[in-house]
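The values are calculated or read from the model by the stated rules, or taken from the named source; none is laboratory data. Being a predicted model, the structure only gives us computed values, none of them experimental. Glycine gets a Cβ as well: all are built from the backbone with ideal geometry, and neighbour counts include every protein chain shown. The protein model used for the area step is the full one, side chains on, heavy atoms only, and it has no ligands, DNA or RNA in it. Shrake-Rupley method; radii C 1.70, N 1.55, O 1.52, S 1.80 Å.
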Amino acid sequence: MKAQLVNYDQYRALIEGFSSHMWDWYTGTIIWKTQNPWTSMRGQMYDYYLDPNACLFGLRKGSEMLHVMCNPVTKRSMIVNNGFEQVNDMMFVARYYDIEGNETILTQEIAYIEPSDAKMLLPLQGMIGDKLDMDGGFLYLQLLDRQGKLLSDNFYWYPNAEGKYTGLNKMKKADIKIASKTLSSGKMEVSVTNPKGGAVAFFNRVSLVDSKTGERVLPAFYSDNYISVVPGESKTVTVEFTPQQGVTPKIEVSGWNTDKK
């Protein structure tokens, strides 16, 4: 069987023609490698046991319809609107927290964005550059509507001047408060509150477990997870699951600098 030679110019023209018409034919997103058949710590959105990992929640956050973000290299803030309507009268708020939990309000400004657009906002490098030199720190961004309701938020942690995250090992404990309630059969709501005056409650994982055995209840679907809560604020997570006979569900929350509760 003879191998057929492919003319490079023809092949390139074919690919370019396909690319130019692709968005006329299809719209959507292709996600590669959503799960792994082996137990693993990375490269997947849910694992062998149907437990959703941090990758899923990072992807969900980055794909939200209205999204506030910061370029981690240039530290330029942005708003992304994946919807088809203009959004007006928003308040953009940027706050910095050091390892001890001390807050610095970097900026507050009115913002708007056109449909299907990505809009550059303030460069934050000059505002937080020197603050990160010793131990690094945290950047918390919010978009609020006219009533103060949260539209989008984003949380970043930065290394020190040497590019190391050793400051995370110096964080003091955050004494978070947990409250949960049953909304309906197979649906619970969890609130994680971090009181004022303490450190950032960093990277908290909400888990649904069997109160008798301590084993995870899987699959369970979380509206958000691996959350960080700044001092004086709360985060709410909704958990949905299929009730199982003989299993009494219980919520557990544990984080980088928080005790399991």
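Out of Phe138, Phe84, which single residue is out of contact with any strand residue (DSSP E or B) (no Cβ under 6 Å at 6 or more places or on another chain) and aromatic (Phe, Trp, Tyr)?
Details: Phe138 fails: out of contact with any strand residue (DSSP E or B) (no Cβ under 6 Å at 6 or more places or on another chain).
Selected residue: Phe84, the only one of Phe138, Phe84 that is out of contact with any strand residue (DSSP E or B) (no Cβ under 6 Å at 6 or more places or on another chain) and aromatic (Phe, Trp, Tyr).
Counting just the residues of the range 179-198 that are touching a residue at least 60 places away in the same chain (Cβ under 8 Å) and touching an Asp or Glu at 6+ places or on another chain (Cβ under 7 Å), which one comes out farthest from Lys250 (Cα to Cα)?
Here the residue is Gly198.
Mind listing whichever residues of the range 126-162 are of a type in the set (A, V, I, L, M, F, W, C) and outside any helix (DSSP H, G or I)? Let's see the steps before the verdict.
Going residue by residue through the range 126-162, those that are of a type in the set (A, V, I, L, M, F, W, C) are 127-128, 132, 134, 138-139, 141, 143-144, 150-151, 155, 157, 161.
Of everything in the range 126-162, those that are of a type in the set (A, V, I, L, M, F, W, C) and outside any helix (DSSP H, G or I) turn out to be Met134, Phe138, Leu139, Leu141, Leu143, Leu144, Leu150, Leu151, Phe155, Trp157, Ala161.
So, of the residues in the range 191-216 that are among the β-branched types (Val, Ile, Thr) and buried (at least 21 other Cβ atoms within 10 Å of the Cβ), which turns out to be nearest to Leu139 (Cα to Cα)? First the steps, then the outcome.
Of the residues in the range 191-216, the ones among the β-branched types (Val, Ile, Thr) are 192-193, 200, 206, 209, 213.
Those left that are additionally buried (at least 21 other Cβ atoms within 10 Å of the Cβ): 192, 200, 206.
On the way: Val192: 19, Val200: 11, Val206: 22 Å.
Among those that are among the β-branched types (Val, Ile, Thr) and buried (at least 21 other Cβ atoms within 10 Å of the Cβ), it is Val200.
Conditions first: (1) of a type in the set (A, V, I, L, M, F, W, C); (2) touching a Pro at 6+ places or on another chain (Cβ under 8 Å); (3) modelled with pLDDT of 95 or more. Leu151 passes all but one, so which condition is the exception?
(2)
Asp135 is checked against (1) open to solvent by less than 70 Å² (accessible area, probe 1.4 Å); (2) under 22 Å from the mean Cα position of the chain (by Cα); (3) on the phi < 0 side of the Ramachandran plot and fails just one. What number does that condition carry?
Evaluating Asp135 over (1) open to solvent by less than 70 Å² (accessible area, probe 1.4 Å); (2) under 22 Å from the mean Cα position of the chain (by Cα); (3) on the phi < 0 side of the Ramachandran plot leaves (2) as the failure.
Does Leu143 meet the test of being open to solvent by less than 30 Å² (accessible area, probe 1.4 Å), in contact (Cβ under 8 Å) with a residue 12 or more places away in the chain and within 21 Å of the chain's Cα centre (by Cα)? I'd like the intermediate steps shown before the answer.
Numbers: open to solvent by less than 30 Å² (accessible area, probe 1.4 Å): yes; in contact (Cβ under 8 Å) with a residue 12 or more places away in the chain: yes; within 21 Å of the chain's Cα centre (by Cα): yes.
Answer is yes for this residue.
So, in the range 209-261, how many residues would count as being out of contact with any Phe, Trp or Tyr (no Cβ under 6 Å at 6 or more places or on another chain) and over 18 Å from Thr193 (Cβ atoms)?
Residues flagged as out of contact with any Phe, Trp or Tyr (no Cβ under 6 Å at 6 or more places or on another chain) and over 18 Å from Thr193 (Cβ atoms) within the range 209-261 amount to 20.
Take the range 157-176 and flag every residue that is surrounded by fewer than 14 Cβ atoms within 10 Å (Cβ to Cβ) and not aliphatic (A, V, I, L, M).
Restricting attention to the range 157-176, the residues satisfying the condition of being surrounded by fewer than 14 Cβ atoms within 10 Å (Cβ to Cβ) are 161-166, 169-170, 172-173.
Across the range 157-176, the qualifying residues are Glu162, Gly163, Lys164, Tyr165, Thr166, Asn169, Lys170, Lys172, Lys173.
What number of residues in the range 218-246 are more than 27 Å from Gly167 (Cβ to Cβ) and open to solvent by 40 Å² or more (accessible area, probe 1.4 Å)? So that I can check it myself, show each step before the final result.
The first filter runs over the range 218-246 and keeps only residues more than 27 Å from Gly167 (Cβ to Cβ), leaving 218-223, 236, 238-246.
Restricting the remaining residues to those that are open to solvent by 40 Å² or more (accessible area, probe 1.4 Å) gives 218-219, 221, 223, 236, 240, 242-246.
The qualifying residues number 11.
Of the numbered conditions (1) closer than 20 Å to His67 by Cβ; (2) of a type in the set (A, V, I, L, M); (3) in a loop (DSSP other than H, G, I, E, B), Ile99 fails exactly one; give the number of that condition.
Condition (1) is where Ile99 drops out.
Going through the range 43-92 one residue at a time, which ones are surrounded by 15 or more Cβ atoms within 10 Å (Cβ to Cβ) and small (Gly, Ala, Ser)?
Ser77
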